[in-house]
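Colleague: A single structure is presented below for examination.
The values are calculated or read from the model by the stated rules, or taken from the named source; none is laboratory data. Nothing here was measured: the structure is a model prediction, and the numbers come from that model. With ideal geometry, Cβ positions are generated from the backbone for all residues, glycine too; neighbour counts draw on all protein chains shown. Heads up: the accessible areas ignore ligands, DNA and RNA and are worked out on the full protein's heavy atoms, side chains in. Shrake-Rupley method; radii C 1.70, N 1.55, O 1.52, S 1.80 Å.
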Amino acid sequence: LAIAAACGAPAEPQTYSNVASAATAVEESCPNQVSTLIAGQNIDAGDVSITNDDTNLYVQITTQDGWRITETHIFAGTGAIPVNRKGTPVPGHFPYANSFSPGVTTYTEVIPLAGLNITCGDELKVAVHAVVERQVGGATESQTAWGDGEGFNTPRWSFYSLYETCCEPPPPPPPEECREPVELWTAAE
């Protein structure tokens, strides 16, 4: 006669093999900060979503209503946003810039936190500027767009957001020890 006691096996840790999976995990631990992508000063052209994990800051621009992104200019950091002498932001001097031909409906800029020289909980300034276009009849309408937020101290319309970096939650506690072992009996031969 043999007796054995066993507990359930502890859950395996999750791993993520691509950015899309990692971004899904981020959504579960760091809330997205979402603002409107404003084109032409008053058109809701989509959304800007900002979040982070322990390695990267993710700035996602998503359009709607036929708008497509043809250029992006993004500033993220704790220092001064590039402006001219009148205090108007200069998107051409933002460190993260891209262009798309043809235009795209969504784009995510992945910015390594190590390059921003910040620690968990630091507040970042994030300015998102884009050029968007859409087809109206047989013509192409093109507009400048900004992620909504705090206004710059200038008569020209432009915005930036304040984003507090999120700390990854602590690892889950170890599995509880067996309270009631499962007994397995086998018959002796």
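Colleague: Between Q64 and S99, what is the FRET efficiency for a Förster distance of 22 Å, r being their Cβ-Cβ separation, to the nearest 0.05?
Modeller: 0.60
Colleague: Need one number: convex hull volume per residue for region 90-158, Cα atoms only, in Å³. The partial results should precede the final answer.
Modeller: Numbers: hull volume 9.5 nm³, N = 69.
Convex hull of Cα atoms, per residue: 138 Å³.
Colleague: Any chance you could look up the accessible area of W157 with a 1.4 Å probe, heavy atoms only, rounded to 10 Å²?
Modeller: 70
Colleague: For N52, which sequence-distant residues (separation of 5 or more, or a different chain) have an amide H within less than 5 Å of its own amide H, given hydrogens modelled in the peptide plane?
Modeller: Sorted by chain and number, the residues that satisfy this are Y58, C166.
Colleague: Would you mind checking which residues have amide H under 5 Å from E71's amide H? H placed 1.01 Å from N; only 5 or more apart, or other chain.
Modeller: F100, V131
Colleague: Which sequence of S99, S161, S142 reflects their accessible areas, 1.4 Å probe, from the largest down?
Modeller: Numbers: S99 90, S161 15, S142 70 Å².
Most to least solvent-accessible, the answer reads S99, S142, S161.
Colleague: Taking a probe of 1.4 angstrom, what is the accessible area of L162 in Å², to the nearest 10?
Modeller: Surface open to solvent at L162 totals about 70 Å².
Colleague: Right, another one. Give a residue-ordered list of calculated ³J(HN,Hα) values for region 78-90 (Karplus: 6.51 cos²θ - 1.76 cosθ + 1.60, θ = phi - 60°; whole Hz; x for Gly, Pro).
Modeller: These are the phi-based 3J(HN,Hα) values: 9, x, 6, 6, x, 9, 8, 4, 8, x, 7, x, 10 Hz.
Colleague: Computing the accessible area with a 1.4 Å probe over protein heavy atoms, can you report the carbon and sulfur percentage for region 25-171? Before the final figure, lay out each step's value.
Modeller: Values: 3480 of 7560 Å².
Roughly 46 percent, rounded to a whole number.
Colleague: How much accessible area per residue does region 51-142 have, counting only protein heavy atoms and a probe of 1.4 Å, in square angstrom?
Modeller: Details: 4630 Å² over 92 residues.
Result: 50 Å² of accessible area for each residue.
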